[in-house]
Structures are given as structure tokens and as C-alpha cells.
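Below is one structure; the comments refer to it alone.
Read-outs: derived from the displayed coordinates by stated rules, not from any lab. Here the structure is a predicted model, which is why all the values come from computation and not from measurement. Note: ideal-geometry Cβ built from the backbone for every residue, glycine included; neighbour counts use all protein chains shown.
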Amino acid sequence: MNNNNKFLLQIFEKIGAPLFTSVNEVAVRTVMGGQATAMPSTADQAETIAKLLTSHTKTSTALSGKLGLESKDPEADDLQVSLAAVLSPVIANMYQIVGQAPKDDDIEKIVSSFETLGSFSNNFSSVHEGAERLETLPVSAQPQDQAQETLQNITSMVPLINSVSAFPFGQAPEKLLRKIIQRIQSEIDAIKKEIPEKSYNYTGILNAIVTIYSQCHFSEMARIMAMTDKERETGAITIDGVWTMFDQRMELLKTLARAMTNTPETATAQEGTTAPTAPTQPIAQEVPVAAPVTAPPPVAPPVTEQPPAQPVTQTPPHAENASPPEGSSPMSFFSAKKDTQES
């Protein structure tokens, strides 16, 4: 893959994907809430994304000037693109909350917030190690030390905190959060028993389970939010639906984990047996090859007076396997048979 394709994919992932996701989520929420009867057309969604990109560009331009993010190469756009990637989730989240593209007042609030973060970052030394620690903050990166692994685990819990804060199902958020964490930890322990130790990664499994739970949580929340007031009054609002979906998806995750790690070697180790091996064959010793045996030429039988010709009858099955007369040629049986048929 060349650099242009890599750059384009990064644009799609870092800038385009958050915007598209927010537009699609707002559209689904509008339909489920009864504000619209059908999903917007492709042209309408493209128009909405274009408005978000316009607000995105205005925010990026204003923020780069406020923070003094300038490149030595005036024609280089690497800093602008990087800043746009940072701002894309912010613009997308604002659209999810408000349901419309950020206006000038909203852009000023975003720029002001990032100015505050800029002054906050000035209180810390921007040494090389600090930059590396931020680069390895994503869960997919290899942690530098135990502290970095702890930071990654906390980062993995962010979707869980967001889901509980958004809709605690009538319970105290802190109490519900403790219950969910205990359940997630029990699932992690169960998966640890299913797979080999060399394939076990706590942070990666934690991130996967939290993602599954948060999706189930928001899905059940959307279903309840789409209910009418009468339906909410007659039906109890519980978290049971979340656990039902969660259990189903966890079974799929465990099956997938077993399938990906249950190689023939690990399966044998788990069963405590050794793989069967083929029986050892004795090594054949070299023997001299005998010269091919040449059959002697058939000996013509003595001429005798032939009896009258008899009708040819079918040879019984055992006649083909009969042995030739003693002292005659091995081929004499077939010669005699041929002479009989010709007569």
C-alpha cells in the first residue's frame, strides 16, 4: 500500500468515521423517537456531513491560530490534518447532543476550551518520554510499564462510565457501576481458564468485554426511550434486558476465543495427552535385486492323433486358476487352451 492510500484511509478513519457515526446515530434516534417516519436519504446524510465538515474546518483554522500550531514548511498540512483528527470526535459528539451542526457560538466555545487545555499543558514538561506515553495510551499499543498498563485499563473503562452515566436504569450510578465491574471481572476470569496463558491479555480482553457491555446497555436504553408513556407505566424498567444480550454475546466471544487459540498443540496440552504418532516401521535392508527370470520357450507337445472335435464349453471358474501339468512350461496351459479354441 502506497503512502497516498495510507493517508486517505487515515482521513476516513480519524475524521470521516466519527462524523458519519454521529449522523447515523442521530437519524436512528429520530426515527425511534417518532420525530421522523423514515431514515434520511443518502443525499440528506451527505449534506449533513458537509455542514459538519464546514464547521470542522472553521474550528480547526481558528484553533490553530490560537494555539500557535505552525509548521516550518508553509505548504505542509500535517499539523492541520492532525488537529482536524483531534477535533472530529468533538464535532461529532456535539452533533449527537444538539442534533445540528455547530454554529459560530459553538465553535468559539470549542476553541476556548482547547485554549484552556493548551494553558494546562504548559504546566508540564513536553519531554520525549511524555510524548511516547501519550502515543502508547491506546489499548492496542504495547505498554511501557505497569503504570502505563493501568492507564490503558482506565481508558478501556471509559465506555462503561459513559453508558452508566447516560442511563443508570433507576439505580445509583456508583452502585450499578460496581455490579457491572464485578460481572465483567468474572467474565475475564472465565475466559482466562478457556485459553492458553501465552494468548491471555488482560487489557485486550477487558476492552472487548466493556465494548460488548456498553453496546448492550445503549441498545436497551434506546429501546426503552422509544417506548410510549403508557408502555413505561405498565412495564418495569430493569436492566435484565442488558444482561440477556450481554450473556448471548459473551458466549459468542468465548466460542471465538476457543476457536482462535485451540490449535492442535494447545488442544493436546489441555487434554493432558500426547498426540498419537504413526507406528514405527522397520527399516528395510537392502537386498540384491534378482535378475528377471525368463520363462523357457514353450515346448510343442508331441504330434498325436487328435480325437474328434468337441464343442467348446465354457471354462469353469476354477479352471483359470488351475496349475499347469508338472514338468511343462508355465505358459503351456494357455497354449493348449488356444489350440483347442482354434480347432
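Calculate the spin-label point distance for T211 paired with A236, positioning each point 7 Å from the Cα along the beta-carbon direction, and give it in nanometres.
Output for this residue pair reads 3.4 nm.
What nm value, rounded to one decimal, do you get for the distance between R29 and I154 when each label is placed 7 Å out toward the C-beta?
2.8 nm
At 7 Å along the Cα-to-beta-carbon direction for both A85 and E197, put a label point, then send me their distance in nm to one decimal.
Placing both labels 7 Å beyond Cα along the Cβ direction yields 3.8 nm.
Could you state the number of Å between the C-alpha centres of the stretch 22-59 and the stretch 87-118?
16 Å
Mind ranking 44-56, 217-229, 85-97 by how tightly packed they are, going by the mean number of other C-beta atoms within 10 angstrom, highest first? Working shown, then result.
Values: 44-56: 16.4, 217-229: 14.7, 85-97: 17.9.
With the highest mean Cβ count within 10 Å placed first, the list reads 85-97, 44-56, 217-229.
Return K254, K193 ranked ascending by Cβ neighbour count within 10 Å, so the fewest neighbours appear first.
K193, K254
Which whole number in µm²/s is D for the stretch 133-269 by Stokes-Einstein, with the Kirkwood Rh taken over Cα pairs at 10 °C and 1.306 mPa s? Intermediate values should be presented prior to the final figure.
Values: Rh = 16.7 Å.
The diffusion coefficient I find is 95 µm²/s.
Based on the Cβ-Cβ distance of A17 and T42, what FRET efficiency does E = 1/(1 + (r/R0)^6) give at R0 = 22 Å, to the nearest 0.05?
On the way: r = 17 Å, r/R0 = 0.77.
My answer for the efficiency is 0.85.
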